[in-house]
1. Normalised by the number of residues in the chain, what is the relative contact order in percent for Cα pairs under 8 Å and 6+ residues apart?
2. In square nanometres, what is the average projected area of the Cα convex hull of region 437-533?
3. On a 0 to 90 degree scale, rounded to 10, what angle separates helix 390-410 from the longest Cα axis of the chain?
4. Against the longest alpha carbon principal axis of the chain, how many degrees, from 0 to 90 and to the nearest 10, is the axis of helix 435-445 turned?
5. In the calculated pair distance distribution of region 4-317, what percentage of Cα-Cα distances lie above 35 Å?
6. With Rg and the Kirkwood Rh both taken from Cα atoms, where does Rg over Rh land for region 218-340?
7. Quick check on packing: order 303-311, 489-497 by the mean number of other C-beta atoms within 10 Å, highest mean leading.
8. Based on the Cα gyration tensor of region 328-410, what are the three equivalent ellipsoid semi-axes, each the root of five times an eigenvalue, rounded to whole Å and given largest first?
């Protein structure tokens, strides 16, 4: 998953060994010193002590001195639960007061103000507690500060207090990460998106700290000694399979991406993994430096590899310029290319490709909210899983039909690859890479028909690739599938107290025994269940003070949906999927019919 507020990184990193003192670097600088506590007998690290040293311009009395989001990407941070907060500068202690943004905002902040102007370096100290509460706000990326197995991890945005700067200031901040692991034992390691151990970043903003993922304790590394530049991985917990060979495969795919997208590494790139007790298998990209994914005791290896490929794709494709509902681009391309490039690189088989394609198609063509306009997705992204998955599923099907039409228009000489690489080239040359730039690419390749198709996609039209839209190895078929139906108001699942309401009469939930007024005591994963026709949903409930567990198949009406099946092509022929050396012959077989359903 990637959203603009967690995926966009405005800095180019230049990594070096961290100096012993931030003051050795001229200009504004922020040093973060992290001191994790000792793990208890269960392997839980209860807190991490944080010291932030800020060398920057003086801040006037009453102005925001530093801050932290209260909620980021539907994840509660430690802003409201941290303890022992104190601040001082060259003149002594700073008396702090705080103010909060309106909770109605998408990312409300807590701001701390000093009663007098700051003078010289500011030293901020506090303790960040590590909660064991599971996703209190419902569906969310795995970014919160968590601990198990003698280790901890979390995104900087969720537990770091950082100086507040306005875009107008445009300060060239230098950032430093230092670790004190003395309480975690001699075998402990500290690693972040910027690399292993004490590291630094010279940049023009504070994103390297806020966007970075941090992990410390008894962690596993691949390779055993990460190199200063290029791929590395870190994880802890109990994965259901050996992750060393999985990461070796992922490193090969990363190198394939480097060649395909013409972007060799200039800094570390980290893959962070931890256990997830609620929604194992999900992930989130952290811009150009790293991504996070999770596993559980039953996480399927094939699906896990696709998730890894998907999140890594975000690093290379990025997002469109400007503010808008552009998840169709970032997520759609990630879904489309994750399986395609993994197949081209030889890291998955054609059958694994097909399984992932049919998962996406099944979820998309049975979605009861399939016609939701793109303009309404951002506002409802976290409230309803059926809307949340649309940028992924609709976007990927849109790119499949664009690829087919570009091949047809060019006689097989060009493909979607050319359009995407052209968009990336615009970014490298600091030219606009936005909706208008994409429309221009489409107009040049397909003409006004492509523009109409693009606008129809944004308006919610159903995107239906041609039968051979995924190459000569597969063909489209119609298949009866059942719609996903939770059985009650989906907004319940993103509220602090999940009290069932809006129970649908005759639904599987009602027939299984769910009742209005039941309290759901454990977060409920849904995104993946939607794509699995036989997946059972289990609710842990509290009714009249007594716990009970109810499981049911969350399915409603049967509809005609689309799937793909293998043709007679051999596996060796399918390995060239996407390069389509036989694409001209393939294109001549099928007329260019309308590619979307109004």
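1. With pairs under 8 Å counted, the relative contact order is 12 percent.
2. 10.2
3. It works out to around 50 degrees.
4. 30
5. Pairs farther apart than 35 Å: 16 percent.
6. Computed over Cα atoms, the ratio is 0.96.
7. Result, highest mean Cβ count within 10 Å first: 303-311, 489-497.
8. So the three semi-axes of region 328-410 are 24, 16, 11 Å.
FYI, it's all coordinate maths here, none of it is from the lab. Fair warning: this is a prediction, and the values are worked out from it, not measured in the lab. When we count neighbours, we look across all protein chains shown, and the Cβ atoms used for this are built from the backbone with ideal geometry, even at glycine.
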